[in-house]
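Readers should treat all values here as calculations from the given coordinates under stated rules, not as data from a laboratory. For clarity, every value in this text was computed on a predicted model and none was experimentally measured. Here Cβ is always computed from backbone atoms with ideal geometry, including for glycine, and neighbour counts include all displayed protein chains.
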Amino acid sequence: MKKNSTERKAIEIVKKFEQERTNEIPEEMPNGHGYDIKSGNRFIEVKGTYGGLDKVWVVLHHTFFKKMWNSGRNYYIYFVYNLNDKPKMKIINPEKIFPNLEIEPKYILRGKIIRDKEIDEIDVSKFYTDSSEI
């Protein structure tokens, strides 16, 4: 399945952020790999939305869960929001992911963890590009 424009825009922002963070070019993974980006020792699942943090939840599919289970200490979710206007990002580390998983037919990480004030909000607007450039 091809990545939608929301996911594509969020991935591009995260790739630029990671390149600046690590001084290395992160590797984007093909669909079905269990995560979107490999950056150093981090396996990164990217989620994005044009909206804010109200009524947010993240669906995690079985390929994600399998990969996370096998490499949990290095598995991160980068949640990019406000994609239309001054995007921001929250990085959810493994210590926050595992205790907040609710197992239903799919694995869901509810919005309360994304809205958590202890997780730093990062201004990634400098990595924002118009959708026509992607």
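Extension gain, Ile119 to Lys38: 0.36 nm times the residue separation minus the Cα-Cα distance gives 27.0 nm.
Between the amide H of Tyr50 and those of Leu83, distances stay under 5 Å, these residues lying 5 or more places away or on another chain, with hydrogens modeled in the peptide plane.
Site pair Arg21 and Thr6 shows an inter-label distance of 2.2 nm when each label is modelled 7 Å from Cα along Cα→Cβ. Taking the fewest neighbouring Cβ atoms within 10 Å as the starting point, the ordered list for Thr49, Thr6 is Thr6, Thr49.
Full extension of the segment from Arg73 to Leu101, taken as 0.36 nm per residue of separation minus the current Cα-Cα distance, would add 8.6 nm.
Annotation: segment 1-51 has a Kirkwood hydrodynamic radius of 11.2 angstrom, from the mean reciprocal C-alpha pair distance. Any of Lys16/Lys112; Lys16/Lys117; Lys38/Lys112; Lys86/Lys112; Lys88/Lys117; Lys15/Lys112 with alpha carbons more than 20 Å apart? Name them for me. Violating the 20 Å Cα-Cα cut-off are Lys16/Lys112; Lys16/Lys117; Lys38/Lys112; Lys86/Lys112; Lys15/Lys112.
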